[in-house]
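**Q** Take a look at the following structure, please.
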Amino acid sequence: MTVTDYFLPRSLSEALDLLGARGPSLMVMAGGTVAMPLVNDGISLPTQVMGLRHAGLDELREEDGELYIGATVTLTRLLRQQALPVLSEAARNTASWSVRNMATVGGNLFTPPPGGDIAVALLALDTSVALTGPAGTRLIPLGAFYTGFMTNALQDGELLTGLRVPRVAGDTAFIKFGRKASNTPSVVTVAVRVARHDGTVTDARIALGAAGPHPLRASAAERVLAGSALGPEAIEAAAAVAAEESQPFSDGVASEWYRRKMIRLFVARALDRIWQGGEDR
Amino acid sequence: MASVIVNFELCGRDVEVLVQPMTTLQSVLRSQLGYTATKEGCRQGGCGSCTVLVDGEPMLSCLLPVEDVAGRRVVTLEGITPIDGLHPIQEAFLESNGFQCGYCTPGMVMVAKALLDHDPRPSREAIAGAISGNLCRCTGYQPIIDAIEKAADRLSGSGEQTGGR
């Protein structure tokens, strides 16, 4: 253990002051379920760490039809909220009970693939993230937060403080496919949202996890769905395009080849679930 | 590096420890306080053998800086074991052969305790879900699920012996 200072700020302003004073060498940690294993194993050797568990960023509230999720809301609380069932489903399919009691929604956005399942559901819901620095808070779409493998839009001195999930139209489906029934890394994770009018798709989101360097949207596949009549033909076409445009990788969980096959299969299944579910929920 | 003092409640007792910054709760429990029921397994959050209850919720003590539990209520296996006997969950594990080597048992029992506190009559599926973060390399899990079912029967007051499964 190389840590000489472990800070536990009691407020956002205290956290921002620490970050400003200590600079980028300050390791920021929330639930610790990703950072602590690296520290325990000596892979990460930080000297200064800031834990956010007590920084007051754990508000979870509905306002004006939006769901505001503070960055340090635990996955257990996300699972128990009832405003957005698709987020409960994503939380239920992430890690184990003990880990969910510690891991945070904000931290999950920093978890490299094949982790980061919560972000997949959040992408399908057009979530924005609040990035707060000394000059104030800016709100950017979650899709713009990711800039590459383990890189993001956070600037020096900024913290991810919360997420805003707007009220959006349509039906949603979430499927995580892993090698075990639960507590398992993702082969592929799919979240879809489809809004329809008279059987015609007016708006579609297809979000994928373990399908690229970060959770991402299959935009070309979304365009295939838009304006179509949701049915077997459109679903197959969109799934094929999603598999084609994704950038899966090989790791200990699955090969790139297999992941691509599974992306096609599970995008189709998720869309099928919405189609079979009928026009209205 | 400057040591820090941390106070928390451990198994109903106030404790104060002097630690290097960001020492894990697991290490404090075992090395400083002599509470060795909590095991050290993977130190990655992957095996569940270090599970303790923090304010009644199962958490992994290997991933928790002890500073994070300052002022909170920590319960380990020692805290639920009566001085002169066993907790009904432990008895059920014993009767159902819910362990062989025993390394996972403290974590399993703590998760079972939290589960039964939340849900006195869980389904086998709910039990399997609750222990999905606790690895056992001996039993194949079925005897553990049997044990938790049996403990649920007894603790929720039906008191009936369900017979061998």
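No value in this document is a laboratory result; all are computed from the given coordinates. Keep in mind the model is a prediction, meaning the values are calculated, not measured. Using ideal geometry, Cβ is built from the backbone for each residue, glycine included, and neighbour counts are taken over all protein chains shown.
**Q** Could you say whether any residue in the range A:63-78 is under 14 Å from the mean Cα position of the chain (by Cα) and within 24 Å of A:Asp5 (Cα to Cα)?
**A** Within the range A:63-78, one or more residues are under 14 Å from the mean Cα position of the chain (by Cα) and within 24 Å of A:Asp5 (Cα to Cα).
**Q** Quick one: in the range B:42-57, of everything that is closer than 16 Å to A:Arg53 by Cα and touching a helix residue (DSSP H, G or I) at 6+ places or on another chain (Cβ under 7 Å), which residue is farthest from the other protein chains (Cβ to nearest Cβ)? It would help to see each step written out before you state the result.
**A** Our first condition is that a residue be closer than 16 Å to A:Arg53 by Cα; within the range B:42-57, this holds for B:54-55, B:57.
Filter once more, keeping what is touching a helix residue (DSSP H, G or I) at 6+ places or on another chain (Cβ under 7 Å): B:54, B:57.
On the way: B:Val54: 8, B:Glu57: 5 Å.
The qualifying residue farthest from the other protein chains (Cβ to nearest Cβ) is B:Val54.
**Q** Every residue in the range A:43-57 that is under 11 Å from A:Glu14 (Cβ atoms) and either assigned to a strand (DSSP E or B) or within 11 Å of chain B (Cβ to nearest Cβ) (or both), please. Explain how you work it out, then say what you get.
**A** Restricting attention to the range A:43-57, the residues satisfying the condition of being under 11 Å from A:Glu14 (Cβ atoms) are A:50, A:52, A:54-56.
Result: A:Met50, A:Leu52, A:His54.
**Q** Here's something else I'd like to know. Taking the condition closer than 21 Å to A:Ala30 by Cβ, away from chain B (no Cβ under 14 Å) and surrounded by fewer than 22 Cβ atoms within 10 Å (Cβ to Cβ), does A:Ile140 pass? Quick ask: steps written out before the conclusion?
**A** Working: closer than 21 Å to A:Ala30 by Cβ: yes; away from chain B (no Cβ under 14 Å): yes; surrounded by fewer than 22 Cβ atoms within 10 Å (Cβ to Cβ): yes.
Against the criterion (closer than 21 Å to A:Ala30 by Cβ, away from chain B (no Cβ under 14 Å) and surrounded by fewer than 22 Cβ atoms within 10 Å (Cβ to Cβ)), A:Ile140 qualifies.
**Q** So which residues in the range B:1-16 are surrounded by 12 or more Cβ atoms within 10 Å (Cβ to Cβ), away from every other protein chain (no Cβ under 14 Å) and either of a type in the set (Ser, Thr, Tyr) or part of a strand (DSSP E or B) (or both)?
**A** B:Glu9, B:Leu10, B:Val15
**Q** Report yes if B:Ala92 is part of a loop (DSSP other than H, G, I, E, B) and over 30 Å from A:Gly115 (Cβ atoms), otherwise no. Walk me through it before giving the result.
**A** On the way: part of a loop (DSSP other than H, G, I, E, B): no; over 30 Å from A:Gly115 (Cβ atoms): yes.
When the stated conditions are applied, B:Ala92 does not pass them.
**Q** Moving on. Out of the residues in the range A:58-84 that are free of Cβ contacts under 8 Å to residues at least 60 places away in the same chain and within 22 Å of A:Val190 (Cβ to Cβ), which is farthest from the other protein chains (Cβ to nearest Cβ)? Spell out the reasoning first.
**A** First, the residues of the range A:58-84 that are free of Cβ contacts under 8 Å to residues at least 60 places away in the same chain: A:58, A:60-64, A:72-83.
Narrowing the set further to residues that are within 22 Å of A:Val190 (Cβ to Cβ) leaves A:75, A:78-79, A:81, A:83.
Numbers: A:Leu75: 12, A:Leu78: 14, A:Leu79: 11, A:Gln81: 16, A:Ala83: 21 Å.
Across the range A:58-84, the extreme among qualifying residues is A:Ala83.
**Q** Taking the options A:Arg223, A:Arg260, name whichever one is buried (at least 16 other Cβ atoms within 10 Å of the Cβ), out of contact with any Phe, Trp or Tyr (no Cβ under 9 Å at 6 or more places or on another chain) and not polar (S, T, N, Q). Break it down stepwise before answering.
**A** Details: A:Arg223 fails: buried (at least 16 other Cβ atoms within 10 Å of the Cβ).
Just a single option satisfies the conditions, and that option is A:Arg260.
**Q** Suppose we keep only residues that are over 14 Å from the mean Cα position of the chain (by Cα), surrounded by fewer than 20 Cβ atoms within 10 Å (Cβ to Cβ) and under 23 Å from B:Glu40 (Cα atoms) within the range B:127-142. Which one would you say is farthest from the other protein chains (Cβ to nearest Cβ)?
**A** Filtering the range B:127-142 for residues that are over 14 Å from the mean Cα position of the chain (by Cα), surrounded by fewer than 20 Cβ atoms within 10 Å (Cβ to Cβ) and under 23 Å from B:Glu40 (Cα atoms), the one farthest from the other protein chains (Cβ to nearest Cβ) comes out as B:Cys138.
**Q** Please list, ordered by first then second residue, the pairs with beta carbon atoms under 9 Å, 6 or more apart or interchain, first in the range A:215-232 and under 25 Å from A:Pro248 (Cα atoms), second among the aliphatic types (A, V, I, L, M) and assigned to a loop (DSSP other than H, G, I, E, B).
**A** Pairs found: A:Pro215/A:Leu109; A:Ala218/A:Ala211.
**Q** Let me ask something additional. Kindly establish whether A:Leu154 is more than 14 Å from chain B (Cβ to nearest Cβ) and within 20 Å of A:Val190 (Cβ to Cβ). Give the derivation first.
**A** On the way: more than 14 Å from chain B (Cβ to nearest Cβ): yes; within 20 Å of A:Val190 (Cβ to Cβ): no.
When the stated conditions are applied, A:Leu154 does not pass them.
**Q** Moving on to the next point. When A:Ser96 is evaluated against the numbered criteria (1) touching a helix residue (DSSP H, G or I) at 6+ places or on another chain (Cβ under 7 Å); (2) within 14 Å of chain B (Cβ to nearest Cβ), which criterion, by number, is the only one it fails?
**A** A:Ser96 satisfies all of (1) touching a helix residue (DSSP H, G or I) at 6+ places or on another chain (Cβ under 7 Å); (2) within 14 Å of chain B (Cβ to nearest Cβ) except (1).
**Q** Name the residue, out of B:Asp117, B:Asp153, that is without any contact (Cβ under 8 Å) to a residue 60 or more places away in the chain and either under 30 Å from A:Pro9 (Cα atoms) or in a helix (DSSP H, G or I) (or both). So that I can check it myself, show each step before the final result.
**A** Values: B:Asp117 fails: without any contact (Cβ under 8 Å) to a residue 60 or more places away in the chain.
Of B:Asp117, B:Asp153, the one residue that is without any contact (Cβ under 8 Å) to a residue 60 or more places away in the chain and either under 30 Å from A:Pro9 (Cα atoms) or in a helix (DSSP H, G or I) (or both) is B:Asp153.
**Q** Determine whether the range B:73-92 contains at least one residue that is within 12 Å of another protein chain (Cβ to nearest Cβ) and among the acidic types (Asp, Glu).
**A** Taking the range B:73-92 first, the residues within 12 Å of another protein chain (Cβ to nearest Cβ) are none.
Checked against the condition, which is being within 12 Å of another protein chain (Cβ to nearest Cβ) and among the acidic types (Asp, Glu), the range B:73-92 yields no hits at all.
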